[in-house]
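Heads up, the thing below is written out as structure tokens.
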Amino acid sequence: MLKRLVTVFSIVLPSIAFCFDLSCTFGATCISTQGTKIPSKKVIELSGYCDDFTRNDIGRRVLKMSFNEINIVAGKNINHPVFSASYAFDKLQESELNFIRQANVEDTDYNQIKLSCVQLLRDFNNRSKWSQ
């Protein structure tokens with residue numbers, strides 16, 4: 001019985017945690033944005049990814065590139081802006097930000113991501129969106 005219960009929790013809890021950050025329930029300072037609450041620490045992290053992805057609209061270019069093209073352009077330099085934007089996109093894909101995720105990355109709407117990032121920053125700077 002206990003083994004079955006542990007198995008259920010190991011499957012269900014990560015799914016719930018992805019959709020709803022439990023730390024917001026237990027006293028963390030959170031920002032209400034795009035239909036969810038995100039811990040302020042994570043908002044700061046996401047803002048950095050947004051900056052890497054949207055700076056000079058480099059994300060628009062990255063969405064159209066293959067992984068091999070990114071490696072060639074970046075010269076396997078992880079500090080290259082193209083590589084940083086690609087990494088940031090992966091992190092934004094996994095985030096709570098509200099934009100349509102496409103199976104084919106090339107079909108992803110850059111403007112949706114950019115607007116979602118702008119909204120995140122706007123909500124972060126709006127004290128009425130903060131809760132504890």
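Structure notes:
- The alpha carbon radius of gyration of segment 45-132, expressed as a multiple of 2.2 N^0.38 Å, is 1.13.
- Distance between the modelled labels on SER128 and LYS64, one decimal in nanometres: 4.1 nm (7 Å Cα→Cβ projection).
Bear in mind these aren't lab numbers, they're just calculated from the coordinates by the rules spelled out. Please read all numbers here as calculations on a predicted model, not as lab measurements. A quick note on method: Cβ atoms are made from the backbone with ideal geometry, for glycine too, and the neighbour counts reach across all protein chains shown.
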